[in-house]
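This report concerns only the one structure given below.
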Amino acid sequence: MLFEKIEEALPDPIFGLNQKFVQDTRKNKVYLSAGIYMDGQGNAPMLHTVKKAQRIWVEEDTKASYLAIDGDRNYVEKLGRLVFGDRLWDTSKDRIYGSQSVGGTSALRIAGDFLKAFITDHIFIPAPTWANHIPIFEASQLDVKRYVYYGQNRSLAFEKILGELKKGKAGEVFLFHGSCHNPTGADLSQGQWQEILETVQKTRILPFFDLAYQGLGDGVEEDAYAVRLFADSGIEMIVTTTASKTFGLYHHRVGGLYILSKDKNACMKISSQIKKLIRSNYSNPPAHGAQVVARILGSNDLREEWEGELKKIRERLQNMRNELVDRLYQESGLDWGYLKERKGMFAFCDFTKEQVRRLLEEYGIYMTENGRVNVAGLNESNLDYVVDAISEVVR
Ligand code: LMR
């Protein structure tokens with residue numbers, strides 16, 4: 001009996017709730033767990049621009065063979081231009097190696113494997129952070145260390161972040177969220193990023209940006225501020241990104257990994273090693289989603305329309321966050337005004353674990369155990385119910 005001794009693993013902290021939610025027979029249940037964009041009707045819609053680009057893809061695509069191990073070069077360039085901006089891409093492309101990835105997750109994992117093989121045996125990640133960062137880097141056999149990102153008083157622990165960075169040694173890797181920090185939504189200001197960059201340059205730490213929510217905070221350009229600031233300084237760095245949120249292509253698994261080195265020669269060697277890592281993992285990525293993204297970014301009309309769709313998404317997220325805060329204040333005097341300043345999909349609420357448990361068990365309101373609420377899951381049909389429930393459990 002080989003398999004008898006296997007113990008059941010703990011459920012995933014984010015997706016692990018999905019099955020329970022589906023099986024929950026309560027009519028007023030509310031899903032606020034995974035970071036998926038939902039519209040005012042509670043659906044996760046396919047963007048119109050994605051639909052249009054898919055139609056074009058179906059007409060034009062005649063090739064059925066494999067993509068290159070590190071993906072479609074046209075897509076990698078288009079996505080790279082989105083992340084770094086045209087000017088930086090044009091002036092720095094010789095030192096940027098880019099690879100298509102299977103969502104942001106595989107970009108992180110391939111980067112983790114690369115770091116473990118050639119750079120370091122440990123990585124510093126923020127506390128708190130996206131729950132999956134820890135298992136991904138552990139799977140890469142990296143020792144995962146934490147630096148304090150968020151303070152007691154519902155605010156960014158900037159002095160602590162800076163303090164940790166100052167202690168960093170050359171070649172040590174620090175992970176940052178490029179924008180819309182997950183789960184807190186609390187981002188560094190432009191001035192603070194400047195200070196972080198100066199410290200990184202002094203210590204020669206290797207910065208690693210996870211840019212999963214570009215365009216869902218302040219805008220496509222604004223949300224790339226930190227990544228572009230660092231890239232512009234000429235330092236070595238790593239950037240991972242995903243089209244899951246930005247293009248609503250969750251189930252197509254589309255992302256990218258960019259490694260910025262000193263020159264073309266280093267890029268060539270990095271490219272050979274990344275391809276080796278990918279080949280022994282998933283061999284090469286799927287074509288469809290990436291080529292859809294490349295078509296949107298490659299057409300002026302589609303790109304403009306897509307930016308309009310993204311703007312509406314951003315505005316709805318901010319509206320729902322504001323509504324939650326305002327109605328909680330009106331209903332129960334609860335002052336969570338700090339949430340209004342936050343960026344992206346989440347409201348990191350001050351719930352105890354017990355309050356999160358009660359919201360789930362007594363009211364059928366599903367959020368992650370750390371009190372992270374996906375504000376896209378809120379709409380006019382459930383907002384009052386959620387506000388009443390929160391008012392009950394926090395009183
Ligand atoms: C989230 O944070 O909920 C999303 O990024 C979905 C995921 O893969 O965990």
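The values are calculated or read from the model by the stated rules, or taken from the named source; none is laboratory data. In this text the structure is predicted, and so the values were computed from the model without any measurement. Because the Cβ atoms are built from the backbone with ideal geometry, glycine has one as well, and the counts that use them run over all protein chains shown. These accessible areas exclude ligands, DNA and RNA; they are computed on the full protein's heavy atoms, side chains included. Shrake-Rupley method; radii C 1.70, N 1.55, O 1.52, S 1.80 Å.
Charges only on Cβ, +1 for Lys and Arg, -1 for Asp and Glu: so what's the dipole of the chain about the Cα centre, in debye to the nearest 20? Don't skip to the end; give the middle numbers.
Numbers: 51 positive and 53 negative charges, 193 e Å.
Using Cβ point charges on Lys, Arg, Asp and Glu, the chain gives about 920 debye.
Based on a Kirkwood Rh over C-alpha pairs, give the Stokes-Einstein translational diffusion coefficient of the chain at 20 °C and viscosity 1.002 mPa s in µm²/s.
Numbers: Rh = 22.0 Å.
The calculation lands on 98 µm²/s.
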Using a Gaussian network model of the chain whose springs link C-alpha atoms within less than 10 Å, name the residue from Tyr363, Tyr66, Tyr147 with the highest mean-square fluctuation. Tyr66
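Treating only the Cβ of Lys, Arg, Asp and Glu as charged (+1, +1, -1, -1), what charge dipole size does the range 102-151 show about its Cα centre? Round to the nearest 20 debye. Mind showing how you got there, number by number?
Details: 4 positive and 4 negative charges, 21 e Å.
That gives the range 102-151 a dipole magnitude of about 100 debye.
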Just how large is the dipole of the range 16-101 about the Cα centre, in debye to the nearest 20, putting +1 at every Lys and Arg Cβ and -1 at every Asp and Glu Cβ? 440 debye
P(r), alpha carbons of the range 195-335 - 5 Å bins starting at zero, rounded %: 2, 8, 13, 15, 16, 15, 13, 9, 5, 3, 1, 1, 0
GNM on the chain, C-alpha springs below 10 Å: top fluctuator among Glu59, Glu354, Glu198? Glu59
Exceeding the 31 Å Cα-Cα cut-off - candidates Lys27/Lys340; Lys167/Lys343; Lys93/Lys311; Lys202/Lys353: Lys202/Lys353
Table column - 3J(HN,Hα) (Hz), the range 268-285, Karplus curve with 6.51, -1.76, 1.60, x for Gly and Pro: 4, 5, 4, 4, 5, 6, 5, 4, 5, 5, 5, 4, 8, 10, 10, 6, 6, x
For Val173, residues with placed amide H under 5 Å, excluding near neighbours: Phe124, Leu206
Cα point-scatterer Debye curve for the range 227-297, base-10 log of I(q)/I(0) at q = 0.11, 0.22 Å⁻¹: -0.35, -1.09
Grab the alpha carbons of the range 142-272, take their convex hull, and tell me the volume per residue in Å³. 136 Å³
Tell me whether the range 1-69 comes out rounded, prolate or oblate; compute the Cα gyration tensor, take square roots of the eigenvalues as a ≥ b ≥ c, and use a/c under 1.5 as the rounded threshold. oblate
Carbon/sulfur accessible area of the range 210-252, % of total, 1.4 Å probe, equals 47 percent
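Using only C-alpha atoms and all pairs of different ones, pull out the Kirkwood radius for the range 44-154 in Å with one decimal. Show your work: numbers first, answer last.
Numbers: mean 1/r = 0.0580 Å⁻¹.
By the Kirkwood definition, the hydrodynamic radius is 17.3 Å.
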Give, to the nearest whole percent, the P(r) tail of the range 251-395 beyond 26 angstrom, counting all Cα pairs. 50 percent
To the nearest 10 square angstrom, what accessible area does Thr120 show with a 1.4 Å probe? 20 Å²
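Near Phe346, within a Cβ-to-Cβ distance under 11 Å, what is the net charge of the other residues, with Lys and Arg +1 and Asp and Glu -1? Don't skip to the end; give the middle numbers.
On the way: positive: Arg321, Arg342, Lys343, Arg372; negative: none.
With Lys, Arg at +1 and Asp, Glu at -1, the neighbours total +4.
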Förster radius 30 Å - calculated FRET efficiency between Ser65 and Glu305 (Cβ-Cβ, nearest 0.05): 0.45
Kindly sort Arg342, Arg26, Arg395, Arg228 by accessible area of their heavy atoms, largest first, with the probe set to 1.4 Å. Arg395, Arg26, Arg228, Arg342
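According to the Kirkwood expression over distinct Cα-Cα pairs, how big is the hydrodynamic radius of the range 112-176, in Å? Intermediate results must be reported in sequence, preceding the final value.
On the way: mean 1/r = 0.0810 Å⁻¹.
Radius from the Kirkwood sum: 12.3 Å.
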Using a probe radius of 1.4 Å on heavy atoms only, what accessible surface per residue do you get for the chain? Whole Å² is fine. 47 Å²
Using the alpha-carbon centroid of each, what span in Å lies between the range 292-314 and the range 341-363? 32 Å
So what is the relative contact order for the chain, in percent, with contacts set as C-alpha pairs under 8 Å and at least six apart? 26 percent
Could you state the number of Å between the C-alpha centres of the range 1-50 and the range 168-200? 30 Å
Have a look at Thr240, Met268, Ile278 and report the one farthest towards the positive end of the charge dipole of the range 239-295, computed about the Cα centre with Cβ charges (Lys/Arg +1, Asp/Glu -1). Met268
